[in-house]
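Student: One structure follows; several queries about it will come next.
The values are calculated or read from the model by the stated rules, or taken from the named source; none is laboratory data. Note that this is a predicted model, so its numbers are computed, not measured. Here the Cβ is made from the backbone with ideal geometry for all residues, glycine too, and neighbour counts use every protein chain on show. Areas reflect the complete protein model, heavy atoms only, side chains present, ligands, DNA and RNA absent. Shrake-Rupley method; radii C 1.70, N 1.55, O 1.52, S 1.80 Å.
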Amino acid sequence: QVQLQESGPGLARPSQTLSLTCTVSNGSLTTNFYYWNWIRQAPGKELEWIGAIDYSGGTYYSPSLKSRTSISRDTSKNQFTLQLSSVTPEDTAVYSCIRGRKTGGEAWLGDYWGQGTQVTVSS
């Protein structure tokens, strides 16, 4: 059973860079055809896809967040990391990592997902 778990600070300050890590257990980031996604959901808003890294290390980003987003991985640790720069209170949301065969707007159809972690951006 593949498991994903998010970790990182629950509080970020405006203008700082948010860094979240997803740790994968009983699975490999290099398994063919899978995408490893980050999504978020702010209060009262729809689920939003942030970006992903695929099985070969290729990255994909939401056009609306691309300029502030970077996703990387450490295959030796089975971890992939989201960095979101210049955060504002509008970035307050529950952030989740998801594995699946799809990415972008259909990332939420993935077969495994983390429990989600609350991130609050506040001064």
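Student: Can you name every residue in the stretch 70-89 that is within 19 Å of T120 (Cβ to Cβ) and either open to solvent by less than 60 Å² (accessible area, probe 1.4 Å) or touching a Pro at 6+ places or on another chain (Cβ under 6 Å) (or both)?
Tutor: L82, L84, S85, V87, T88
Student: Just to verify a result, which residue in the stretch 26-56, among those that are among the small types (G, A, S) and more than 16 Å from G110 (Cα to Cα), is surrounded by the fewest Cβ atoms within 10 Å (Cβ to Cβ)?
Tutor: Among those residues, the one meeting the criterion is G44.
Student: If you don't mind, another one. Please count how many residues of the stretch 57-82 are in a loop (DSSP other than H, G, I, E, B) and either farther than 19 Å from G110 by Cα or among the charged types (D, E, K, R) (or both).
Tutor: Total meeting the criteria: 6.
Student: Could you grab me the full set of residues in the stretch 1-54 that are in contact with an Asp or Glu (Cβ under 6 Å, 6 or more places away or on another chain) and of a type in the set (D, E, K, R)?
Tutor: R40
Student: What are the residue pairs meeting all of these: first residue in the stretch 24-40, first residue part of a loop (DSSP other than H, G, I, E, B), second residue surrounded by fewer than 23 Cβ atoms within 10 Å (Cβ to Cβ) and small (G, A, S), Cβ atoms under 8 Å, and 6 or more apart or on different chains?
Tutor: T30/S56; Y34/G100
Student: Cβ-Cβ distance below 9 Å, separation of 6 or more or different chains: which pairs start in the stretch 75-90 with a residue that is among the acidic types (D, E) and end on one that is open to solvent by less than 80 Å² (accessible area, probe 1.4 Å)?
Tutor: Partner pairs satisfying both residue conditions: E90/A42; E90/V121.
Student: Right, here's the next one. Any residue at all in the stretch 90-109 that is of a type in the set (D, E), open to solvent by 80 Å² or more (accessible area, probe 1.4 Å) and farther than 30 Å from S123 by Cβ?
Tutor: yes
Student: Hey, A12 hits all of (1) surrounded by 14 or more Cβ atoms within 10 Å (Cβ to Cβ); (2) farther than 18 Å from T88 by Cβ but one; which does it fall short on?
Tutor: Evaluating A12 over (1) surrounded by 14 or more Cβ atoms within 10 Å (Cβ to Cβ); (2) farther than 18 Å from T88 by Cβ leaves (2) as the failure.
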